[in-house]
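**Student:** Sharing a structure below in structure tokens format, with a few things to ask.
The values are calculated or read from the model by the stated rules, or taken from the named source; none is laboratory data. All values reported here derive from a predicted model rather than from experimental measurement. A quick note on method: Cβ atoms are made from the backbone with ideal geometry, for glycine too, and the neighbour counts reach across all protein chains shown. The accessibility values were calculated without ligands, DNA or RNA, using every heavy atom of the protein model including side chains. Shrake-Rupley method; radii C 1.70, N 1.55, O 1.52, S 1.80 Å.
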Amino acid sequence: MKRGVFLDRDGTLIEEVGYLDRIDRVRFFPYSVDAVRLLNRAGFAVIVATNQAGIARGFFDEAFVEATHRSLSDTLAAGGARVDAFYFCPHHPDAGVGPYRQACDCRKPRPGLLRRAAAELYIALRQSYVVGDRARDIAAGTTVGAPGVLVRTGYGARVEQSEHGAAAVTDNLMGAVAWILRQS
Ligand SMILES: [Mg+2]
Ligand SMILES: [Zn+2]
């Protein structure tokens, strides 16, 4: 069993731009590639887990999200970093039509994406961490015993002002990785 770090995507790994509907709107934070590479070298599985309700809302489709994740992987690989797997929730409980409109088990704060990743990649959730900019990112980890780090990028600076349940709050993903690497 491996230890994992579950990263939120928008506002955590890359900048929050609202519904990201064009690959040319992707903006990595300047430290993101280095932060992921540090986790790789420390032996953590690195998983991106992201709510993408824009699919349910019809703003873009699953193929677009998958293409975006291939593009993120290319940028990471160019810097010697690797995300082991990307998981996304395409659903929304009360927006959109068809099968995407459902109260699924994978939209954070529910832990379905984390549980699926753990089963497929042999990750010990209770020895893992989550990093995100929303309380629901932290809550998904708490439910499966993985402490969360709230970052102040994206929505995080606002979220920090209310109840969030995080074990630590850091300025950004690099700070979160430094905090994780200090735990033992
Ligand atoms: Mg986010
Ligand atoms: Zn879902």
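**Student:** Using the Cα gyration tensor of the range 3-53, with a ≥ b ≥ c the square roots of its eigenvalues, what is the shape: rounded (a/c below 1.5), prolate (a/b larger than b/c) or oblate (neither)?
**Tutor:** Numbers: a/c = 3.19, a/b = 1.68, b/c = 1.89.
Oblate is the answer for the range 3-53, as a/c is 1.5 or above yet b/c matches or exceeds a/b.
**Student:** Shifting gears a bit: Using 1/(1 + (r/R0)^6) with R0 = 22 angstrom and r between the beta carbons of ARG136 and GLU15, what's the FRET efficiency to the nearest 0.05?
**Tutor:** Numbers: r = 19 Å, r/R0 = 0.85.
With a Förster radius of 22 Å, E is 0.70.
**Student:** Full-extension gain between ARG27 and ARG41, please, as 0.36 nm times their residue separation minus the C-alpha to C-alpha distance. Kindly include the intermediate steps, with their values, before the conclusion.
**Tutor:** Details: separation 14, 0.36 × 14 = 5.04 nm, distance 2.37 nm.
Going from the current span to full extension adds 2.7 nm.
**Student:** Moving to a separate point now. Once you order the gyration tensor axes a ≥ b ≥ c over the Cα atoms, which shape class does the range 35-122 get: rounded for a/c under 1.5, otherwise prolate or oblate by comparing a/b with b/c? Walk me through the numbers on the way to the answer.
**Tutor:** Values: a/c = 3.30, a/b = 1.66, b/c = 1.99.
Oblate, since a/c reaches 1.5 and b/c is not below a/b.
**Student:** OK, next. List every residue whose amide H lies under 5 Å from the amide H of GLN52, counting only residues 5 or more places away in sequence or on a different chain, with H placed 1.01 Å from N in the peptide plane.
**Tutor:** For GLN52, whose amide H was placed from the backbone, the distant partners under 5 Å are CYS89, HIS91.
**Student:** Per residue of the range 105-117, in order, report the coupling 6.51 cos²θ - 1.76 cosθ + 1.60 (Karplus, θ = phi - 60°) as ³J(HN,Hα) in whole Hz, putting x for Gly and Pro.
**Tutor:** 9, 10, 6, 4, x, 6, x, x, 5, 5, 5, 5, 4
**Student:** Would you pull out the residues with amide H under 5 Å of ASP10's amide H, same chain only if 5 or more places away, H placed 1.01 Å from N?
**Tutor:** HN-HN under 5 Å from ASP10: empty list.
**Student:** Springs between alpha-carbon pairs under 10 angstrom, Gaussian network model over the chain: which of GLN127, GLN102, GLN161 fluctuates most?
**Tutor:** GLN161
**Student:** When the chain is fully extended, how far beyond the present Cα-Cα distance does ALA95 get from ARG116, taking 0.36 nm per residue of separation?
**Tutor:** Values: separation 21, 0.36 × 21 = 7.56 nm, distance 2.38 nm.
Gain in length upon complete extension: 5.2 nm.
**Student:** Can I ask one more? For the range 1-75 and the range 82-149, compute the distance between their C-alpha centroids and round to whole Å.
**Tutor:** Here the answer is 13 Å between Cα centres.
**Student:** If a/c stays under 1.5 just call it rounded; otherwise compare a/b with b/c (prolate if a/b is bigger, oblate if not). Do that for the chain, with a ≥ b ≥ c from the square roots of the Cα gyration tensor eigenvalues. Intermediate results must be reported in sequence, preceding the final value.
**Tutor:** Working: a/c = 1.39, a/b = 1.24, b/c = 1.12.
Note, shape of the chain comes out rounded.
**Student:** Would you please give the residues with an amide H less than 5 Å from that of VAL130, counting only those at least 5 places away or on a separate chain, with H modeled from the backbone geometry?
**Tutor:** Amide H neighbours of VAL130: PHE6, GLY148, VAL149.
**Student:** Considering only DSSP states other than H, G, I, E and B, which trypsin sites (Lys or Arg not before Pro) in the range 3-56 qualify as loop sites with at most 12 other Cβ atoms within 10 Å? Walk me through the numbers on the way to the answer.
**Tutor:** Details: sites: ARG3, ARG9, ARG22, ARG25, ARG27, ARG37, ARG41; in loops: ARG3, ARG9, ARG22, ARG27.
Of the trypsin sites (Lys or Arg not before Pro), the ones in loops of the range 3-56 whose Cβ has at most 12 other Cβ atoms within 10 Å are ARG22, ARG27.
**Student:** Right, here's the next one. What ³J(HN,Hα) values, in whole Hz, does the Karplus curve 6.51 cos²θ - 1.76 cosθ + 1.60 give for the range 45-51 when θ = phi - 60°, with x put for Gly and Pro?
**Tutor:** Calculated HN-Hα couplings, in order: 6, 10, 10, 9, 10, 9, 6 Hz.
**Student:** Shifting gears a bit: Could you give the length gained on full extension between SER71 and GLN102, defined as 0.36 nm per residue of separation minus the Cα-Cα distance, in nm? Could you put the intermediate results ahead of the total?
**Tutor:** Details: separation 31, 0.36 × 31 = 11.16 nm, distance 2.86 nm.
Between SER71 and GLN102, full extension yields 8.3 nm more.
**Student:** Counting only protein heavy atoms and a 1.4 Å probe, tell me what percentage of the chain's accessible area is made up of carbon and sulfur.
**Tutor:** Working: 4080 of 8420 Å².
The nonpolar share, carbon plus sulfur, comes to 48 percent.
**Student:** Accessible area per residue, 1.4 Å probe, Å², for the range 79-137: what's the number? Mind showing how you got there, number by number?
**Tutor:** Numbers: 2840 Å² over 59 residues.
Here the residues of the range 79-137 average 48 Å² of exposed surface.
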